[in-house]
Amino acid sequence: MEVSKEKILYILQFFFDKGTNIIQVAKTVKGVYSPKTVTTDYVQFRFRRFRSGMPVVENVDKITEMIEVDRHFSSCSAIQELKIGH
């Protein structure tokens, strides 16, 4: 059965939205269509693309204020002062 790339992307997006494991998705799609349809690496690549942009940054105003006071401000000192984890 021939499947278009667009259809595969919709299928992968569906499983991503459900929160399904990458390996399970690859096995399911291979079982339904053919073993050559997708690889685990391809599913992982697509899942990375589906994730939304940058993570939420907290304390932006405080960090901006610290930089305005001292231009040679380092990220390490911001982490220590604001008690932020990496």
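Derivation of every value follows stated rules applied to the coordinates shown; laboratory data play no part. All values derive from a computational prediction rather than experimental measurement. Here Cβ is always computed from backbone atoms with ideal geometry, including for glycine, and neighbour counts include all displayed protein chains.
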Original post:
Quick one: what pairs do we get from the range 67-86, first residue of a type in the set (F, W, Y), second part of a helix (DSSP H, G or I), C-beta under 7 Å, 6+ apart or different chains?
Top reply: F73/M66; F73/I67
Original post:
Quick one: what pairs do we get from the range 20-41, first residue closer than 18 Å to E6 by Cα, second of a type in the set (F, W, Y), C-beta under 6 Å, 6+ apart or different chains?
Top reply: V25/F15
**OP:** Could you list all residues from the range 19-74 that are surrounded by 12 or more Cβ atoms within 10 Å (Cβ to Cβ), in a helix (DSSP H, G or I) and small (G, A, S)?
**Re:** A26
